[in-house]
Structure formats: structure tokens, C-alpha cells
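**Student:** Below: one structure in C-alpha cells.
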Amino acid sequence: MTFTVERLAEEVQGTIWGDRDVIIHGAESIERAGPHDITFVAERRRLRALRQCKAGAILVSKELAGVKDREDVPPAIIFVDDAQLAFIQILRKFRPQRPRPQIGISEDAWIAPSAKIGEATNVYPGAYVAEDVTIGARCDIYPGVFIGPGCRIGDEVTIYPNAVLYPDVTLGHRVIIHAGAVLGADGFGYRFEQGRYKKIPQLGTVRIEDDVEIGAGTTIDRGMIGPTVIGEGSKLDDQVMIGHNCEIGAHNAFASQVGLAGSVTTGDYVRCAGQVGVADHVHLGEGCTLLAKAGVHRDIPAGKMYVGVPARPKEEQMQIAICEGKLPEMKKTLEQLAAEVDRLRAILEQHGLAEPA
Amino acid sequence: MTFTVERLAEEVQGTIWGDRDVIIHGAESIERAGPHDITFVAERRRLRALRQCKAGAILVSKELAGVKDREDVPPAIIFVDDAQLAFIQILRKFRPQRPRPQIGISEDAWIAPSAKIGEATNVYPGAYVAEDVTIGARCDIYPGVFIGPGCRIGDEVTIYPNAVLYPDVTLGHRVIIHAGAVLGADGFGYRFEQGRYKKIPQLGTVRIEDDVEIGAGTTIDRGMIGPTVIGEGSKLDDQVMIGHNCEIGAHNAFASQVGLAGSVTTGDYVRCAGQVGVADHVHLGEGCTLLAKAGVHRDIPAGKMYVGVPARPKEEQMQIAICEGKLPEMKKTLEQLAAEVDRLRAILEQHGLAEPA
Amino acid sequence: MTFTVERLAEEVQGTIWGDRDVIIHGAESIERAGPHDITFVAERRRLRALRQCKAGAILVSKELAGVKDREDVPPAIIFVDDAQLAFIQILRKFRPQRPRPQIGISEDAWIAPSAKIGEATNVYPGAYVAEDVTIGARCDIYPGVFIGPGCRIGDEVTIYPNAVLYPDVTLGHRVIIHAGAVLGADGFGYRFEQGRYKKIPQLGTVRIEDDVEIGAGTTIDRGMIGPTVIGEGSKLDDQVMIGHNCEIGAHNAFASQVGLAGSVTTGDYVRCAGQVGVADHVHLGEGCTLLAKAGVHRDIPAGKMYVGVPARPKEEQMQIAICEGKLPEMKKTLEQLAAEVDRLRAILEQHGLAEPA
């Protein structure tokens, strides 16, 4: 596919600066774009990447209008309201997605007689749908997916290959479950009796609300009594662990390898960066943010940003980290100071001014 | 289902305080219970949750008898020896589990002719059982499970969907393997030769002893020479990583996202909290505990509790963490002190008492 | 199988010290070897394990010739150039591997009509190969593997059970993908609009170059625009997370539970130990090493070894860790010093030498 810059600018309702006749064959990142590619910059901090940029054209958000005075800009700039959004629009033109196949319910899927499956839903070969399952309309259930007895699944849900839903898990509408995720495995609960761990039955479930996306390999354990809940619109990256009886609020975002022990609760709009760990029964307040690798043992107040192990308010932890970097120097200063104080005391004693301490 | 408090008290051999006629429809956690639910409290530290409790009845362990004098207790209390145990008993009444299906060996499973499968074992559609496999009696092998050549599996073993056993893995009796777990993948072993990593063949196996439970997505690599071993009764949570040639003792408990490098050995009754990491060839002594996110590079003595990176005895690390929190203040004090010592020295020099240092 | 030490020494072109007639039935690690087993020691630091060694014979690298003067050596030593290599050679004799089956393309696999599969490739029952897939020669595609539309796979590739390749992933030659790994799931990219996370389409791919090995349960997300790349010869352990648009150089080695956020780039020969975390857009310089649990937020210079959170050069961080261990003591010294300075000042004031500060 080939377009002129002029044609692409029309597409995104942008204003051209420079050469409107540049021929564009593809859309790439700033680092990878060549003379016939279009790229984009949406944030001021990404401007420095322009220095090595070889793109033929660039989409720039209007607020960065000053860009056109730089020497290192591509031959053509298209100014738009939102460069990322415009870029996605153009990228879709160059990379047309495959249409969603309409395969219906494969004869090579195993479907229990009591399962109910909505219209226009695809169930691929090798998927397994157990007794008393309800699946809504326009869903995609990929090969190797296991849906245990009693699960309830909304409309327009996508479950990628080899994901597993234990019995009685419920998914809302427009939920996306990526490959290999496991929802509803038993929580990690034992009674220690006579030198052995005895399993506590995990009789709760998992409830995933509307518009949630769950990453590949993520595990969400079923509750012991009530449900483990992931609130509406929340997004979990790959390899996240959610322990039993956690109740995650709406519109949370957890990056990869975050781990929550049992019975953690969160308000809405909570964010956790990669590899954060949270102890059991902790509450993360609405809108708080935990930065990468934070280790949390106590409730976090709403709206605050925490980091470190144990987690502290960000500014506090940054001051501590700076001091840690100076610890060897501080230790030396402390030793020198102790020696100097000894010397001064000795002088005072020598002159009869001070009694020996 | 509906019961009176009186009827439930009989069931668990408890003593009623309050209204024995309260009607109970369900069993829930303290936080979620309503006026027709029964709940429980087994630990003193959970008593404060009673304040918001709306339950119609509550099971309480006898040692917390003082509860009945609080103002915030539900209309009915049933005192029992062990409130958690009694609650589980009642919870089972309200949530009858599905009976285990007797499907036998599905025609839609792939079973090698040389495989031997015990009586009353279910092998679901889509499971794969390779050559020379032995599976005991009364096992459940769910869809998508792969059991490689030469595996030996005991009686009453459950392997949940899409778990994978590489060749020659052995499982004892009553083992539970959760969905997506992988046992026996090659250990991470290479020789660095002429600028390339060359694979060292991993010719060992994995041995899982009786009564072990392995969490969803957990990976246990096969040994290079001998077996990687998980000792009797040990419990591993989801997303745990056990490197090649580790030998885990009996009755260990590892929480989610714990990672052990190669050749780690542990005594019996070792506990690791979430996201702990242990370097290769380390020994964790019998009955020791590693707290969340600990990073261990040296052997840990038996019975001790360690935490931090690098891991230190708990009390020591707690002292250090308190000091870390005061580091900015310490740094300021140190600077003030240095200035004051300078001032005092100058005074002494000015009065001819001290020679310049 | 049974061999004399003499026979085994011939096999590995080694020189015997001690009893050449010892009968050997097996090959084991130093710790596990019995009187009819052969073992090996290739590194000086492993010599201390000889004390408890009960092996009948041992392979020793020539550079450790002094071993023969120890009292605790087995009855027979075979000196060789490289004891590890010689041991692997002998181990293979005692543990003959199963021959690779030639099953071809199973009738119980689902293969799209447009898929092209090379000669001598095995596709096991329950594998799924979608439209427009190309698979090279002599590959093994195990049960439960999903290969999405448009994937391109080289020769001699092994994909273990239940691994998942989303659409358009490409694998070079001799690539090994372990069980449950997921390649090409959507990157974690959202726009936050009007209080909701809106998915950014992830239109890039994943490219795995020749001779790469990917561990069990590892997840490698597809790029948003361009490909996520794992360079030639690189080795990833189990449960590693590679975010979207990362470009990993050649011959990198990442241990288990390492997590890279989006757009991380690395030079060749980079090594990451277990549970390392790297923030987005960071560059790891050629030949650098990140030690266990390091948390990296800034570019790492080539060839350096970093550790800690935030990561610092190893020597620096070790000094800091030593000081941290002494923090409680430092705090006490600081308090004593402050009191002593107060005392000295009071003396000077008392003698009229100093004005009150």
C-alpha cells in the first residue's frame, strides 16, 4: 500500500508542514522508520529520539508545534490533536487485521449437552466446555481452553488458547483472557495439624467484571468462602498473581509479575508497577500507585505514590535511597568525627577543663 | 437451604448464646455476611471486624468466650472448639460440591497402547498419555494434560487442565497438580563455548512425593543428573519456580512467585513467603522461614526467620529498616555535628588550647 | 549397564590414577554417587564436596591435578581436559535417550489447509496449526500447541506441549520453546480516556532468532508497532516476562522470573540473574550483568556488573550493603557523639570560652 503525505493528512484531519508529496509505504516507530515510513511523537520526552530519525513523515501532537523549528525533523510533519491516536489510525491502514472468522461451534470441540452458547460465538477445535456452562454471544473460545462446570460468560468475550476456567467462574461482557491464564484454582489455604498441612476447601469462586483484560499466564485463585473479584475495566498484565478472596476495584492496572496475597482489597484506579508484592488483608486506597518492586505490608492511603521495601511515600523513599548511596561516605565521616571529638576531649582534659567522661 | 441456629449448633456440637431461632440461609465471611448468614471468628486479631458485621449468627472459638460481652455481636453466637473447622463443616452444607464424575477413560483422550491406567481413574477428552506411562487408581486427568513417556503416577492424583509432565516424571499418591503447571522442563544449563551458549543435556528427572500440591503455572525443572525432588506433604502456591536439582524437604510451604535457582536444598518444615528468591546451592535449614521478597545467597540456619536483600535475621533487619527510615535525619544530624565540632575546634585553636589539626 | 574404570577412561581419553578395575554401574552427582557410581569435579570450589563423597570413581579436570594428594578421593580418578564434558559423555551412556519418534503429521492434529509443513516434522495429536502457517523440516510440535495464523517456523524447531504462538510470530532455526510459554500476546498498552483504560491495538509481532531457547511459562508480548525481538542464541529461563517492543541482543541469558517492561533494548552477551526487573525504554549495554533481584531504571553501561534497587555497580552496592548492616550501630554512635559534643560545648561555655551557639 502506498499513500502520499497529503492523503494521510486528510485521513487524520491534520495540517501539513513541509513536503506534502512524500510517498509513504509503512508506519514504524521513530527508531525503526525509514524514508518511506511515517512515524509519530506524542510526548515531549520522546523528541530527543528525532536526532537519529530517518522517517519520511511524522505525526506530531499540536502542543509540540515548536518541533518544526528543529533541524532534525523529517521532510514532512502532520500536526494533529493527538499524534498517538492518529498514528494508530494510519497503522491500521497499513496492517489490516484478519477478519474474525465465523466458524461457529467446531465439531472437534467438546461441549457438554447442558452448555448454552450464544449466537455468533466461535468455539474452536480442542476447546472444552463442561456441564451447566453459559456462554454469551459473539465470543471467541480458542483451542485448548477449558471452561469448567457452572461457569457463566458474558457477550463478546475472548478467551485465548489454553486458558483455564475452574468451575463456577463468571466473566462479564467484553472480557479478554490471554493464553495460559488460570482463573479459579484453589487458594493457598491449609490448616497445620499434627505436623502436616491439611487442605482447607476453597468453596468460593472468581468473578471478573465487564471490560477486564487478563494477561498471559496470570493466575487468579478462587475464594475460600466468597468470590475473588476483579472490578470493571481493570487490566492485568502477564504473570500477575491474585490470591484468594482479593477484591480488586474498578479500573485498576497491574503490570507484569505483580503478586497479591490473599484478601487484599483495592479502591478504584489503583496502579501497580512490575513485580510489586502486597501482603494479605492489606487495603490499597483509591487512586494510589505502587512503583516497581514495592513490597507492601500496610494499608496505602488513597491517591499516594509508594515505593520500596517496606513501601514508603515516594519522596521519602527517594531521600532514603540518596542517603543509602552516601552510606559509605557517611560511615567514614562518622568515624573521623568520633576521632576528632576524642582529640578535642583529650585537649580539654589535658588543660584541666574537663573531667574524664 | 435453610437452617435454624439451633440446628446448625447441633451439627457442629456447639453451645448457643443468644437467639437460637435465627434463620440462616448461607455462610459468608465476616465482611460479607448478612442477617441470614452465619460467619465465624477464630483469631483474636479478627475481632475488630465484628464492628461492621451484619451476620445473623457467628461461630466463635471457645477461647474467645469474652466475645459475648461485646455490644457489636450478632444475635446468635455458637461457641465451638475450633470455629474455622466448624465453619468449613457448615459451609459444605450450603455449598454441596459436585460429585466426582465417573467418566473413565474418554475415547477422545490419546492414550498410548503401552500406558497402564488404574481402576476408577478418569482421563478426560483431550488429555495425552504417552508410551510407558503408569497411572494409579481413582485419579483425575483433565483435558489438555500432557503426560510424557515413562511417567509414573500414584493413586488418587488430580492433574488439572493443561498441566504438563515431561518424560519420566514421577508423582506419589494424592498429589494435586494445578492447571498450567509444568514439571520436568529442561534445567537452565549451558556451557559457554566460543561465544555461544551450548546446551548441557538435562538427563535427570522430577520426583514429587506423596500429598504434595503444586499451584497453577508453577514450573519445576528436571535435574541435570539426578532428580529434582519435592518432599512429602509440601505445598507450592501458583507461579513458583524450582530450578534443576533442587531437593525440597517434607512439609515445606512456598507462597506464590517464590524462585529457587539450581541445586537448592531444604530441610523439613521450611516456609517461604511470596516473591522470595534463593541462589543456587544454598541450604535452607529445617523449620526456617523466609519472609516476603527475601533474597538469599547463603545457607539459612534451622528454625530462624530471615528477611531482606541480602537476607538477615528478622529482628536485625527490622532494626536496619527503622534506621533506613531515619537516614535523611541521620545525615542531617551528622552534618550539623560536623559543623559544631569544627566550631568547637576553632574556639580551642583561637584560645591557643589546640594546635590546628 | 556395567563398565570398568579402564573402559570409561578409554571412552573419554582420560588418564587413570588409582584402581582401574573398579566396576561402575551409574553416573551421579558428587553428593549422590555410591561405590559403583562415577562422578565429576570441574571447579576448584566444588572440591570440598569430596569430603562426603562415596563414589567409586571420579572425573577430574587436569588443572585440578593436586586432587590425587588428598585423602578423601575415590578409589579411582580419571583425569581429563574437561571433566564436565567427559561426565556428560559418560552420563549419556548410562541414560540412553529415547529415539525421536517419527510420527509425521497426526490425523488428530488440526491443520489448516493453507499451512505448509516441512519433511520429517512431527505434529502430535491435539496440536493446532492455523491458516497461512509455514513450519520447516524436522520439527516437533507437541500436543496442545497452538500456532496462530501467519506464523513462520524454521527447521529443527521444538515446541513443547501447550505453548502458544499468537498470529504472525516467527521462529528461526533450532529454536526450543518449552511448555506453556506464550509468544505474541498483546502488549500492555492502554490510553486513559474519560476515566477508562482504552486498549491500544498491538499491531506488531514477535521475532525469535536462530538457536534461541525459551523456558516454560515464559511470556513474550507482541510489539505495538514493530516486532519484539529475541536475538540469536539467547536463552530465557522459565517464567521470564518480555514486554512489548523489547529488542534483546544475541547470546543473552536471562534466569527465571526476570521481567522486562516495554521497549527495553539490550546489547549482545547481557546476563540477568533471577527476579531482575527492568523499567521501560532502558538500554542494557553489551556484556553487562545484572545480579539477582536488581531493579533497573537507567541505562546500564557495557561490561559492568550491577545489583540492588535501584541498581548500582556491584562494588558500590556491596559497600552500601555492609554499611546497612551497621546502621543500628552507626545510629547509636551518632547519638553518643551528639551527646559528647553537647557535653564539650557546655564545658567550653561554662569556662567562658564559647558563647552559647
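The values are calculated or read from the model by the stated rules, or taken from the named source; none is laboratory data. This one's a predicted model, so the numbers in the text were calculated from it and none came from an experiment. Ideal geometry is used to build each Cβ from the backbone, glycine not excepted, and the neighbour counts take in all protein chains shown. Areas reflect the complete protein model, heavy atoms only, side chains present, ligands, DNA and RNA absent. Shrake-Rupley method; radii C 1.70, N 1.55, O 1.52, S 1.80 Å.
**Student:** Show me, for segment C:150-163, the HN-Hα J-couplings you get by feeding each phi into the Karplus relation (A = 6.51, B = -1.76, C = 1.60, θ = phi - 60°), rounded to Hz, glycine and proline as x.
**Tutor:** In residue order, the calculated couplings are x, 5, 10, 10, x, 8, 6, 9, 10, 10, 6, x, 6, 6 Hz.
**Student:** Are there residues in segment C:205-243 whose accessible area shrinks by at least 30 Å² when all protein chains are included rather than the chain by itself, and which are they (probe 1.4 Å, ligands and nucleic acids not counted)?
**Tutor:** SASA drop of 30 Å² or more in segment C:205-243: C:E213, C:A216, C:T219, C:M224, C:I225, C:K235, C:D237, C:D238, C:Q239, C:M241.
**Student:** Using a 1.4 Å probe over the heavy atoms of the protein chains, calculate the carbon and sulfur portion of the accessible area of segment C:110-315 as a whole percent. Don't skip to the end; give the middle numbers.
**Tutor:** Values: 3040 of 6000 Å².
Within segment C:110-315, the accessible surface is 51 percent carbon and sulfur.
**Student:** Which pairs, out of B:K198/C:K199; A:K235/C:K304; A:K314/C:K332; A:K116/A:K235; B:K304/B:K332, put more than 31 Å between their alpha-carbon atoms?
**Tutor:** In this structure, B:K198/C:K199; A:K235/C:K304; B:K304/B:K332 lie more than 31 Å apart at Cα.
**Student:** Under the rule of -39500 (n - 2.57) per DSSP H run of 4 or more residues, summed and divided by the residues of chain C, what mean residue ellipticity at 222 nm is obtained, to the nearest 500 deg cm²/dmol? Don't jump to the answer; show the numbers that get you there.
**Tutor:** On the way: 4 runs with 55 residues, N = 357.
It lands at -5000 deg cm²/dmol.
**Student:** Using per-residue counts of other Cβ atoms within 10 Å, averaged over each peptide, order C:225-231, A:280-286 from highest down. Present the calculation step by step, with values, prior to reporting the outcome.
**Tutor:** Values: C:225-231: 24.6, A:280-286: 19.0.
The packing order, highest mean first, is C:225-231, A:280-286.
**Student:** Could you work out the mean projected area of the convex hull around the alpha carbons of segment B:291-357, in square nanometres to one decimal?
**Tutor:** Details: hull surface 29.3 nm².
Averaged projected area of segment B:291-357's Cα convex hull equals 7.3 nm².
**Student:** In whole Å, what are the extents of segment B:20-85 along the principal axes defined by its C-alpha atoms, from largest to smallest?
**Tutor:** Taking max minus min along each principal axis of the Cα atoms, segment B:20-85 gives 27, 22, 20 Å.
**Student:** A:C272's amide H: which non-local residues (gap 5+, or another chain) put their own amide H closer than 5 Å, with H modeled 1.01 Å from N in plane and none for Pro or chain starts?
**Tutor:** Correct list: A:A253, A:F254, A:A255, A:L290.
**Student:** Going highest first, how would you order A:34-43, B:140-149, A:89-98, B:321-330 by mean Cβ packing within 10 Å?
**Tutor:** Values: A:34-43: 19.9, B:140-149: 26.1, A:89-98: 15.2, B:321-330: 17.1.
Result, highest mean Cβ count within 10 Å first: B:140-149, A:34-43, B:321-330, A:89-98.
**Student:** While we're on this one: Across the protein assembly as shown, how large is the tail of the calculated P(r) beyond 49 Å, expressed as a percent of all Cα pairs? Please list the in-between numbers first.
**Tutor:** Numbers: 185977 of 572985 pairs.
When all Cα pairs of the protein assembly as shown are counted, 32 percent exceed 49 Å.
**Student:** To continue, here is another question. With all pairs of different alpha carbon atoms counted, what Kirkwood hydrodynamic radius in Å does segment B:1-125 show? Could the numbers behind the result be given before it?
**Tutor:** Numbers: mean 1/r = 0.0610 Å⁻¹.
The answer is 16.4 Å.
**Student:** In whole angstrom, note down how far apart the Cα centers of segment C:109-176 and segment C:291-347 are.
**Tutor:** Each part reduced to its Cα centre gives a spacing of 52 Å.
**Student:** May I pose another question? Considering only C-alpha atoms, what is the centroid distance from segment C:237-272 to segment B:23-82, in Å?
**Tutor:** 50
**Student:** Every other copy gets compared here: list the nm distances from the B:K198 label point (7 Å along Cα to Cβ) to its counterparts, shortest first, one decimal.
**Tutor:** Those label-point separations list as 5.6, 5.6 nm.
**Student:** For B:I103, place a label point 7 Å out from Cα along the Cα→Cβ vector, do the same in each other copy, and report the separations in nm, one decimal, smallest first.
**Tutor:** With the label placed 7 Å along Cα→Cβ, B:I103 yields 2.0, 2.0 nm.
**Student:** On average, how many beta carbons from a partner chain sit within 10 Å of the beta carbon of a residue in C:270-283? Present the calculation step by step, with values, prior to reporting the outcome.
**Tutor:** On the way: counts 0, 0, 0, 4, 11, 14, 2, 9, 2, 5, 4, 3, 0, 0.
So the per-residue partner count for this stretch is 4.
**Student:** Something else: Counting pairwise Cα distances across segment B:48-109, what percent come out greater than 13 angstrom? If you can, show how the numbers build up before the last one.
**Tutor:** Working: 1346 of 1891 pairs.
Percent of Cα pairs beyond 13 Å in segment B:48-109: 71.
**Student:** Oh, and also: Applying 1/(1 + (r/R0)^6) with R0 = 60 Å to the Cβ-Cβ distance of B:D108 and C:K332, what FRET efficiency is obtained, to the nearest 0.05? Show your work: numbers first, answer last.
**Tutor:** Numbers: r = 71 Å, r/R0 = 1.19.
My answer for the efficiency is 0.25.
**Student:** Averaging over every viewing direction, what projected area does the convex hull of the Cα atoms of chain C cover, in nm²?
**Tutor:** Numbers: hull surface 122.9 nm².
With the hull built on Cα positions only, its mean projection is 30.7 nm².
**Student:** Are there any GluC sites (Glu not before Pro) in segment A:91-170 that are in a DSSP loop and have at most 12 other Cβ atoms within 10 Å? List them by number. Working shown, then result.
**Tutor:** Numbers: sites: A:E107, A:E119, A:E131, A:E156; in loops: A:E107, A:E119, A:E131, A:E156.
For GluC sites (Glu not before Pro) across segment A:91-170 that sit outside H, G, I, E and B with at most 12 neighbouring Cβ atoms in 10 Å, the list reads A:E107, A:E119.
**Student:** While we're here: In segment B:3-94, carbon and sulfur make up what percent of the accessible area (probe 1.4 Å)?
**Tutor:** Details: 2080 of 4640 Å².
Summing carbon and sulfur atoms, their accessible area is 45 percent of the total for segment B:3-94.
**Student:** Size of the dipole of chain B about the Cα centre, Lys and Arg at +1 and Asp and Glu at -1 on the beta carbon, nothing else charged, in debye to 20? The partial results should precede the final answer.
**Tutor:** Working: 39 positive and 48 negative charges, 109 e Å.
Dipole about the Cα centre, nearest 20: 520 debye.
**Student:** Additional query: Skip the ligands, DNA and RNA, and give the accessible area per residue of the protein assembly as shown with a 1.4 Å probe, whole Å².
**Tutor:** Ligands and nucleic acids excluded, the result is 40 Å² per residue.
**Student:** Of C:G189, B:L59, C:V67, which is farthest along the charge dipole of the protein assembly as shown in the positive direction, counting Lys and Arg as +1 and Asp and Glu as -1 at C-beta?
**Tutor:** In the protein assembly as shown, that residue is C:V67.
**Student:** For the interface of C with A, what's the total buried accessible surface in square angstrom, probe 1.4 angstrom, rounded to the nearest hundred?
**Tutor:** Values: alone 19810 and 19780 Å², together 34150 Å².
Rounded to the nearest hundred, the buried surface is 5400 Å².
**Student:** Kindly report, to the nearest 10 Å², the accessible surface of B:E349 as traced by a 1.4 Å probe over protein heavy atoms only.
**Tutor:** Result for B:E349: roughly 60 Å² accessible.
**Student:** While we're on this one: Which three numbers, in whole Å and largest first, are the semi-axes of the equivalent ellipsoid of segment B:259-329 derived from its Cα gyration tensor as √(5λ)?
**Tutor:** On the way: eigenvalues 112, 30, 16 Å².
Working through the eigenvalues yields semi-axes of 24, 12, 9 Å.
**Student:** Using DSSP H assignments, which helices in chain A have an axial alpha-carbon span of 15 Å or above and a mean Kyte-Doolittle hydropathy of 0.5 or higher?
**Tutor:** Numbers: long enough: A:83-94 (16 Å, 0.87); A:314-325 (16 Å, -0.55); A:327-350 (34 Å, -0.36).
TM-like helix candidates: A:83-94.
**Student:** How many times 2.2 N^0.38 Å is the alpha carbon radius of gyration of segment C:113-212? Could you put the intermediate results ahead of the total?
**Tutor:** On the way: Rg = 15.0 Å, N = 100, 2.2 N^0.38 = 12.7 Å.
For segment C:113-212, the normalised Cα radius of gyration is 1.19.
**Student:** For segment C:110-315, just run the numbers: alpha carbon Rg, then divide by 2.2 N^0.38 Å, N being how many residues it has. The partial results should precede the final answer.
**Tutor:** Numbers: Rg = 17.3 Å, N = 206, 2.2 N^0.38 = 16.7 Å.
My calculation over the Cα atoms of segment C:110-315 gives 1.04.
**Student:** Inter-copy label distances at A:H25, 7 Å along the Cα→beta-carbon direction, one decimal in nm, shortest first?
**Tutor:** 6.8, 6.8
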